[in-house]
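Here's the structure we're looking at; comments come further down.
The values are calculated or read from the model by the stated rules, or taken from the named source; none is laboratory data. Computed from a prediction, not measured in an experiment: that's the story for all the values here. Because the Cβ atoms are built from the backbone with ideal geometry, glycine has one as well, and the counts that use them run over all protein chains shown.
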Amino acid sequence: MSQSILNIGAHLTAFEIDPAYCDWLTEYLGSGGLELIAGDVTKTWPTQWVHQKPDRVLGNLPYNAASAIIAAFIESDRLAERCVFTVQDEMGLRMTASPGTKDYSSFSVLCQTGASVTDGGRLSPGSFYPSPRVRSRIIVMKPARPWGDIADADQFRLLVRSLFASRRKTLSNNIISASRLRAFPEINIVKDSFSAEGITLDRRPETVSPGEWVSVSNRIVAS
């Protein structure tokens, strides 16, 4: 991928954690158009995009860090105009999952409220060398607010993550448990906000749609 990008004359900023591979990339790809950032991408990318967003982002994300990288892009409002990621198949399914399905999670809500997320299809292990033991999936993301603006992003993330802590429990039980957390809103305001949006507290968090989460969170902030 890196070679193909450089071949069309584009400038490429690449992130690589392995020092030996950094040396090989520098020798193999040369320096024309390539800026190579050595180190852990989760720690090094913010220093590169302080004042502006990249035009495009693509990569085969490390399976053990993919969710942290994607969440950091969304939460810092640093998604590029178009992002194309290869992630583990299960993660890709979570990112695009619908409410009420087994793959729907707080990460699904984060992705779908902060971006337009498109499933680009599954890749077999044979698509890579050496072949991994897992299947992969292509995910395409673009900056978007499909369910409207979120009044307080920190409050929104706290609400969603806290109430997904026990996804099989009802909203009522999860709210009671989450009310002990620092910075969690007053319990009656949370319950009243769900009720005002027509969401009964005997539902489970996995049945609440991304748009409903946004509406409840905004109502809590406005209370």
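Within the range 139-155, being touching a helix residue (DSSP H, G or I) at 6+ places or on another chain (Cβ under 7 Å) and surrounded by fewer than 12 Cβ atoms within 10 Å (Cβ to Cβ) holds for one residue alone: Gly148. Within the range 34-51, the residues that satisfy the criterion of being touching a residue at least 12 places away in the same chain (Cβ under 8 Å) and of a type in the set (A, V, I, L, M) are Leu34, Leu36, Ile37, Ala38, Val41. The single residue among Ser98, Ser136 that is under 22 Å from Ala71 (Cβ atoms), surrounded by fewer than 20 Cβ atoms within 10 Å (Cβ to Cβ), outside the structural domain of Glu206 (by TED's automatic domain parsing) and not charged (D, E, K, R) turns out to be Ser98.
Do we find a residue being surrounded by 15 or more Cβ atoms within 10 Å (Cβ to Cβ), more than 19 Å from the chain's Cα centre (by Cα) and not hydrophobic (A, V, I, L, M, F, W, C) anywhere in the range 58-68? No, because not a single residue in the range 58-68 is surrounded by 15 or more Cβ atoms within 10 Å (Cβ to Cβ), more than 19 Å from the chain's Cα centre (by Cα) and not hydrophobic (A, V, I, L, M, F, W, C). When Ala196 is tested against (1) over 28 Å from Arg78 (Cβ atoms); (2) among the hydrophobic types (A, V, I, L, M, F, W, C); (3) surrounded by 14 or more Cβ atoms within 10 Å (Cβ to Cβ), only condition (3) is not met. The set of residues in the range 200-223 being surrounded by 14 or more Cβ atoms within 10 Å (Cβ to Cβ) and over 23 Å from Thr96 (Cβ atoms) consists of Leu201, Asn218, Arg219, Ile220, Val221. Report, by residue number, each residue of the range 14-32 that is surrounded by 14 or more Cβ atoms within 10 Å (Cβ to Cβ), over 15 Å from Pro62 (Cα atoms) and either modelled with pLDDT of 90 or more or of a type in the set (A, V, I, L, M) (or both). Of everything in the range 14-32, those that are surrounded by 14 or more Cβ atoms within 10 Å (Cβ to Cβ), over 15 Å from Pro62 (Cα atoms) and either modelled with pLDDT of 90 or more or of a type in the set (A, V, I, L, M) (or both) turn out to be Cys22, Leu25, Leu29. Return yes or no: is Val160 surrounded by 15 or more Cβ atoms within 10 Å (Cβ to Cβ) and either free of Cβ contacts under 8 Å to residues at least 60 places away in the same chain or of a type in the set (A, V, I, L, M) (or both)? Here the answer is yes, as Val160 does meet what is asked. Residues that are β-branched (Val, Ile, Thr) and closer than 17 Å to Pro205 by Cβ within the range 86-122 comprise Thr101, Val109, Thr113, listed in sequence order.
Within the range 179-211, the set of residues being of a type in the set (Ser, Thr, Tyr) and within 18 Å of Ser166 (Cα to Cα) comprises Ser179, Thr200, Thr207, Ser209.
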